[in-house]
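Notes follow once the structure below has been shown.
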Amino acid sequence: MNEEFVKLLHNNQLKATASRLSVLQIISERDAAISQPVLEKMLGEDVDRVTLYRILKTFEDKGILHKVIDLNGTANYAICHSSCSEHAHHDEHFHFNCSNCHSVYCMNDFHLPALAMPPGFKAHTVNLSITGLCKKCS
Ligand SMILES: [Zn+2]
Ligand SMILES: [Zn+2]
Ligand SMILES: [Zn+2]
């Protein structure tokens, strides 16, 4: 069992269940974001679809994972920046979409300053995407 993940869950007032830990384990081992269908396949019979859906929803609400939409319009999930919390995500980084393998990568090194919105506008999420070929496909 990964102590770091247990701590992360406890810090977010979540019980460290086997299913939650498996999801974190799989996502953290990849350098690209992962879609729910792929996660589902990797988890096999350990976690059913409804449980997985709830876990992803909870993790997103708690600021543990953020959703990234790929070129096909499929939701992928990636681990959040450590400063994300239940009330605020800070994932205003670029997402790299590979047009060949359709993987989505978080470009954590490129951060944007806070965007000044026109009066009356309130931004909830910012989507910054780059399309091209990833290191495996280029
Ligand atoms: Zn986040
Ligand atoms: Zn690729
Ligand atoms: Zn990201």
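Derivation of every value follows stated rules applied to the coordinates shown; laboratory data play no part. Everything numeric here is computed off the predicted structure, so don't read it as measured data. Glycine gets a Cβ as well: all are built from the backbone with ideal geometry, and neighbour counts include every protein chain shown.
Give K62/K122; K15/K122; K7/K57; K41/K67; K41/K122 a once-over and call out the pairs whose C-alpha atoms are over 29 Å from each other. Provide the component values of the computation, followed by the final result.
Working: K62/K122 21 Å; K15/K122 33 Å; K7/K57 19 Å; K41/K67 19 Å; K41/K122 37 Å.
Checking Cα-Cα distances, K15/K122; K41/K122 exceed 29 Å.
Which ordering of M107, M42 is given by a fewest-first count of other beta-carbon atoms within 10 Å? Display every interim value, and only then the final one.
Working: M107 13, M42 17.
Ascending number of Cβ neighbours within 10 Å: M107, M42.
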If one puts a single equal scatterer on every Cα of the chain and applies the Debye formula without solvent, what log₁₀ I(q)/I(0) results at q = 0.17, 0.18, 0.19, 0.20 Å⁻¹? -0.98, -1.08, -1.17, -1.26
For the stretch 28-87, projected area of the alpha-carbon convex hull averaged over all directions, nm²: 4.4
Per the charge dipole of the stretch 1-46 (beta-carbon charges, Lys/Arg positive, Asp/Glu negative, Cα centre), the residue among L24, V38, Q13 reaching farthest to the positive end is Q13
Of all trypsin sites (Lys or Arg not before Pro) in the stretch 46-138, the ones in DSSP coil with at most 14 other Cβ atoms within 10 Å are K122, K135, K136
In a Gaussian network model of the chain with springs linking alpha carbons closer than 10 Å, the residue among I26, I64, I79 that fluctuates most is I26
Per-residue ellipticity at 222 nm attributable to helices in the chain (runs of n ≥ 4 DSSP H, -39500 (n - 2.57) apiece, nearest 500 deg cm²/dmol) works out to -9500 deg cm²/dmol
Given a 10 angstrom Cα cut-off, can you work out which residue in A78, A32, A114 is the most mobile in a GNM of the chain? A114
Which of the trypsin sites (Lys or Arg not before Pro) found in the stretch 1-44 are loop residues per DSSP with 13 or fewer other Cβ atoms within 10 Å of their Cβ? K15
Return H124, H95 ranked ascending by Cβ neighbour count within 10 Å, so the fewest neighbours appear first. H124, H95
Could you give the distance between the Cα centres of the stretch 5-82 and the stretch 83-118, to the whole Å? 17
Could you give the size of the charge dipole of the stretch 2-138 about its Cα centre, using +1 on the Cβ of each K and R and -1 on the Cβ of each D and E, expressed in debye and rounded to the nearest 20? 160
Kindly work out what percent of the DSSP beta bridges joining two residues of the chain are antiparallel, to the nearest 5. 70
